[in-house]
Amino acid sequence: MRQLANLLKIKQLALPLLAALLFNALVWLIITWRLPISAAWIPLHYNSYFGIDWIGPWANIIYYPLIGLAIIAINTILLIVINDNKNVLSVSLAWSAVVVQLFLITSLLTLIIHYFS
């Protein structure tokens with residue numbers, strides 16, 4: 001726990017991790033605000049070439065934010081293990097969680113636009 005506190009004191013590493021958590025919270029908010037809860041199967045993935053290519057129960061839509069949280073957790077653990085504050089690898093690893101969250105938001109919004117609008 002002390003290593004995590006030390007990690008969050010470094011602005012170059014704390015900012016992207018907190019931004020990734022904020023974007024993940026936005027994914028949860030989009031799901032609860034925009035997607036109707038239903039017992040029927042819904043499309044879970046939209047592909048620009050083939051259209052809807054993954055359907056399933058509504059509860060499976062939670063895979064989007066859970067994958068994002070898992071990536072944030074794995075990146076944070078790796079940052080603690082690396083424990084090098086000025087390394088380019090550490091900064092890149094921290095910002096990769098933000099990039100993944102942005103991809104998740106984009107894919108979720110694409111699904112909402114093409115199916116739920």
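The criterion of being assigned to a helix (DSSP H, G or I) and loosely packed, with under 13 Cβ neighbours inside 10 Å holds for residue 92. Residues that are under 30 Å from residue 110 (Cβ atoms) and either in a loop (DSSP other than H, G, I, E, B) or touching an Asp or Glu at 6+ places or on another chain (Cβ under 7 Å) (or both) occur in the range 52-70; there is at least one.
Considering only residues in the range 5-38 that are not in a helix (DSSP H, G or I) and not aliphatic (A, V, I, L, M), the one that is nearest to residue 94 (Cα to Cα) turns out to be 9.
Picking from residues in the range 38-47 that are touching a residue at least 12 places away in the same chain (Cβ under 8 Å) and surrounded by 10 or more Cβ atoms within 10 Å (Cβ to Cβ), the one that is farthest from the chain's Cα centre (by Cα) is 41. The residues of the range 23-37 that are under 18 Å from residue 100 (Cβ atoms), surrounded by 12 or more Cβ atoms within 10 Å (Cβ to Cβ) and of a type outside the set (Val, Ile, Thr), listed by number, are 23, 24, 25, 26, 28.
Each reported figure results from applying straightforward, stated rules to the coordinates on display, with no laboratory input. Fair warning: this is a prediction, and the values are worked out from it, not measured in the lab. As a convention, Cβ positions derive from the backbone with ideal geometry for all residues, glycine included, and neighbour counts pool all protein chains shown.
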